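Below: one structure, written as structure tokens.
A short reminder: the numbers here are calculations on the coordinates, not readings from a lab. In this text the structure is predicted, and so the values were computed from the model without any measurement. For neighbour counting, all protein chains shown are included, and Cβ atoms are generated from backbone atoms with ideal geometry for every residue, glycine included.
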Amino acid sequence: MSNIFSGGGHDLDLSNGATAAFIDVLTLAVSDLASEEWDFRFAALLTLQDQNVMGRGAVGFDLAEFDWGVTERERARAKDFVLRATALAASGHRWSELGYHPPRAHEYLHRFTIMVESFAPPAGSSAVRGFPDPDEAAMASCVRHRVLSALPLWDGCFLCNRPRCHPGSISAC
């Protein structure tokens with residue numbers, strides 16, 4: 001079963017292990033860059049992609065389902081945040097904390113960047129679904145790992161709750 005991320009006429013169809021690696025590296029970057037309410041809502045969306053909680057093959061999102069903002073300025077800022085976070089993730093930011101090497105993460109992040117760049121956030125985003133509301137924003141940070149998470153709803157961040165054998169790991173379990 002695969003997980004599909006889509007937008008801008010592009011799809012990123014990832015296996016469960018690829019999804020875990022993609023979301024892990026993106027979450028680390030988002031956790032360090034988030035400063036505005038929208039950023040924390042995007043972080044909450046990423047926590048909902050944790051297959052250890054949501055189920056394998058049951059995650060993914062469409063950029064058209066995001067609440068990008070009411071004004072052109074808000075939409076541009078939100079899109080810029082996603083692109084900056086993706087670029088930071090692609091730089092290998094904090095990958096050493098993962099405990100595994102995500103071998104194809106650069107490819108997934110590159111494809112995601114193309115998807116986001118080609119996506120034009122809609123002017124009226126009031127009918128969105130699947131994007132966390134402001135009161136669902138991931139404002140909590142795991143003290144141990146400095147990662148935004150769905151605390152106190154979940155027991156910890158994705159690093160606290162990762163399985164002993166990560167699906168994206170090259171090494172044998």
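Tabulated data for the structure shown
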item	result
Cβ-based net charge around V116, under 11 Å, with every Lys or Arg adding one and every Asp or Glu removing one	+1
Length added when fully stretched, E72-D13, from 0.36 nm per residue minus Cα-Cα	18.3 nm
HN-Hα J in Hz across segment 88-103 - Karplus 6.51, -1.76, 1.60, θ = phi - 60°, x for Gly and Pro	5, 4, 5, 6, x, 3, 6, 4, 4, 7, 6, x, 7, 9, x, x
Gained length - E117 relative to E36, 0.36 nm times residue gap less alpha-carbon distance	27.1 nm
Cut-off under 5 Å, modelled amide H: who pairs with D62 long-range	S6
